[in-house]
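Undergrad: Take a look at this one; I'll ask things after.
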Amino acid sequence: TLDGVINGAEWQGAESVNALQTTGKQVSPRQTRFWMMWDEENLYMAMRSPLREGERIVQNLRDTTRDINVVFDDSYEIWVDVGSKSPDGQPVFFQYLANFAGARYDVMHEPAVGNSRLGWTANWNPSNRITPDGRAWEMEVAIPRRSMHRDRPFADGETLSFLVARNFKKPWEQNSFEGTSSFSVLDTHTRVVLSRNAPAV
């Protein structure tokens, strides 16, 4: 149930990572846990980002009707390559950047021709909440394969690539698994093997 409430039983079969690095490749004191799962039609992701005592999520940008770059709000980023092509036949990968208010910046990148298409709209529907104790921001989202021009189901044993990051506003910090400062460079992304027996390798 993708309601923004991370239930341990729901995500117990997921790959879970809680070791983010800064863009300087240092393990960050500000950690965030991400969970990832999949089935034939969707990728699934959840995030739990602990908050400091009294911390309020910065969400100055709240227009959800258009692309808006929320990187300087508290936000998260999902970059994913599922081996698909754009409608005009170009290899593509995708960027989704969003804040707690649901303002987002979603882009389809065509690296072979140097294009970034802001006109692509993910139509993903993340659910967010601040936990009742005020200590964490939680998010859950389904990522449909068809939203990324993927015409075949996801399958056991195939390789995708991801970069997942948390952008902190105060103090400013961008943290990812990889510790890269080049989010848009595919070679810096993590390769993920889909498996029915183990969530990811």
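Undergrad: Where the Cα atoms of segment 140-181 are projected onto their three principal axes, how long is each span, largest first, in whole Å?
TA: For segment 140-181, the Cα extents along the three principal axes come out at 42, 19, 17 Å.
Undergrad: Take the alpha carbon atoms of the chain, find their radius of gyration, then divide it by 2.2 N^0.38 Å using N residues; give the quotient.
TA: 0.98
Undergrad: Just check segment 50-92 against the gyration tensor rule for me: Cα atoms, a ≥ b ≥ c as the square roots of the eigenvalues, rounded for a/c under 1.5, and otherwise prolate or oblate depending on whether a/b exceeds b/c.
TA: Note, shape of segment 50-92 comes out oblate.
Undergrad: Lys/Arg Cβ at +1, Asp/Glu Cβ at -1, dipole of the chain taken about the Cα centre: which of F183, G119, N42 is farthest positive-ward?
TA: Of the listed residues, the answer is F183.
Undergrad: A follow-up question, please. Any idea what the relative contact order of segment 74-141 is, in percent, if you count C-alpha pairs under 8 Å spaced at least 6 apart?
TA: 20
Undergrad: Lys/Arg Cβ at +1, Asp/Glu Cβ at -1, dipole of segment 1-82 taken about the Cα centre: which of V70, N18, G54 is farthest positive-ward?
TA: Final value for the positive-end residue is G54.
Undergrad: Count the DSSP beta bridges whose two residues both fall in segment 51-120, then state the antiparallel fraction as a percent rounded to the nearest 5.
TA: 95
Undergrad: Now, a different point. What list of ³J(HN,Hα) values in whole Hz, one per residue of segment 143-159 in order, does the Karplus curve 6.51 cos²θ - 1.76 cosθ + 1.60 (θ = phi - 60°) give from phi, with Gly and Pro shown as x?
TA: 10, x, 4, 5, 5, 10, 6, 8, 9, 10, x, 5, 9, 4, x, 8, 10
Undergrad: In Å, what Kirkwood hydrodynamic radius results for segment 1-98 from the alpha-carbon pair distances?
TA: 16.2
Undergrad: Tabulate in residue order the Karplus-calculated ³J(HN,Hα) for segment 99-107, using 6.51 cos²θ - 1.76 cosθ + 1.60 with θ = phi - 60°, rounded to whole Hz; enter x for Gly and Pro.
TA: After applying 6.51 cos²θ - 1.76 cosθ + 1.60, I find 10, 5, 6, x, 5, 8, 9, 10, 9 Hz.
Undergrad: How many angstrom lie between the C-alpha centres of segment 1-69 and segment 97-154?
TA: That distance is 12 Å.
Undergrad: Do any trypsin sites (Lys or Arg not before Pro) in segment 168-201 lie in a loop, going by DSSP, with at most 13 other beta-carbon atoms within 10 Å of their beta carbon, and if so which?
TA: Of the trypsin sites (Lys or Arg not before Pro), the ones in loops of segment 168-201 whose Cβ has at most 13 other Cβ atoms within 10 Å are R196.
Undergrad: Still on this model: Excluding A142 itself, calculate the net charge of residues whose Cβ lies under 11 Å from the Cβ of A142, where each Lys or Arg counts +1 and each Asp or Glu counts -1.
TA: Net of charged neighbours comes to -2.
Undergrad: If you don't mind, there's one more thing I want to ask. From the phi angles alone, apply the Karplus equation (6.51, -1.76, 1.60; θ = phi - 60°) to segment 7-21 and give each ³J(HN,Hα) in whole Hz, x where the residue is Gly or Pro.
TA: Karplus-based 3J(HN,Hα) across segment 7-21 equals 9, x, 5, 5, 9, 5, x, 8, 6, 10, 10, 9, 9, 7, 10 Hz.
Each value in this text was obtained by applying a stated rule to the coordinates, not by laboratory testing. Because the structure is predicted, anything quoted here is derived from the model rather than measured. Using ideal geometry, Cβ is built from the backbone for each residue, glycine included, and neighbour counts are taken over all protein chains shown.
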